[in-house]
Each structure stands twice: as C-alpha cells, then as structure tokens.
Amino acid sequence: MKKAGALLFSLGLALFFSIHAQAQTSNQHSIGGRFGSSTGFTYRYTSDEQRALEAIVSMQSNSKRARFRLTGLYQYVKPLTGDFNWYYGFGGSIGSFKEKSYLMQTIDENNNPVNAWSEEKTELSLSIDGIVGIEYNIPTAPISLSLDVKPYFDFLQESTIKIFDPIGFSIRYKF
C-alpha cells in the first residue's frame, strides 16, 4: 500500500508541475500505475492516433500464492466522444507463479491431528492476453485515467481462462 501511495504522490507532483509547463508535449509516451486484483506499473507507447503498445509489470500476492507477470499488448484505440477513447487489443505475458509454504493440519493413521508444512513450489507462467477498456484524457493536464478488463488464458499451470479477475484502473502521466 505504501508503494501505491508513493506512486500517487509522484503522479500528483508531476500533474502540479506539468500544469505550469509552457512547452507542448507529444503525448507519445505515458507511464503510471495499474491497480486492481494485481498491482503494478504500466508503460504505453502510442505509435499513432489509432495504435499503441503497452507493457505492464504486475504483482499479486496473498498468504498462499504470489504471482509476477510481464505483459505486452498491442492495442487499437478508437475515439468515443470528446476526451474519451476506448481500446481493445491482444498480446501475451510471461512470469512466475509461486505457491507459498503454509502450515496445514492432517490426520495420521491413528486419527490424530498432525501439523505439517506444505511444499513450496514455483512455476513458469505463460499466457495469451486480451484487453478492452475506456480511457479519459484530462484536457488541462497530461494525465490519462483508464478502466479495463484484461482477460487471459494461462496455459501452463491450470490451463484456466480468467475473464473478470484482471479488472484494472490505471493512472498515467503522458509525455
């Protein structure tokens, strides 16, 4: 949570100083934070008004599992109205999936409870990803806000499709 607060503080400072800047920026690059079921950083390169490349580094952890993921996406950007755009795209990700060791209770052959530690294991994570979202570009500042869903098909661990778990909110500074 401290990392998210530091990121928001940094983006606030960038917003404050950018309002007073006199030079025009191309807004071809943007960098920021992504928040949701997993937290991380996002970098977006806009090649033209209708196409963009995005890289997302995300982390997700709880008491039993931890996940690190590096995602690359190719996106099509379409104007919606005013300062709103919607976008969709596809890509892939690579990362690691770690199942942490935790204390579990089992029953022995005499029906007595026995405490034992589960085995810790780490696996490679590969997936095919998609993305659909909406973006708002603040007209008076070089900041964009986006809300999207990034479904993925993870084909190494459980071969599962995650559709609604990867909902994310991103705040990006454009330069």
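Every read-out reported here was derived from the displayed coordinates using simple, explicitly stated rules and does not represent laboratory data. As the structure is a computational prediction, the values presented were derived from the model and not from experiment. No Cβ is skipped: glycine too gets one built from the backbone with ideal geometry, and neighbour counts run over all protein chains shown.
Worth pointing out:
- Between Gln28 and Phe175, the built amide H atoms are under 5 Å apart, and every one of these is 5 or more places off in sequence or on another chain.
- Note on Thr106 and Arg65: the extension gain reaches 12.7 nm, defined as 0.36 nm multiplied by sequence separation minus the Cα-Cα distance.
- Listed pairs Lys121/Lys150; Lys78/Lys150; Lys64/Lys98 exceeding 19 Å between Cα atoms: Lys121/Lys150
- Residues Ala116 and Lys162, FRET efficiency given R0 of 30 Å [Cβ-Cβ distance, rounded to 0.05]: 0.50
- Full-stretch length increase - Phe169, Tyr136 - with 0.36 nm per residue and alpha-carbon distance subtracted: 10.7 nm
- Spacing of the two label points (7 Å from each Cα toward its C-beta) at Phe153 and Leu124, in nm: 1.9
- Distance between the modelled labels on Ser96 and Gln28, one decimal in nanometres: 3.5 nm (7 Å Cα→Cβ projection).
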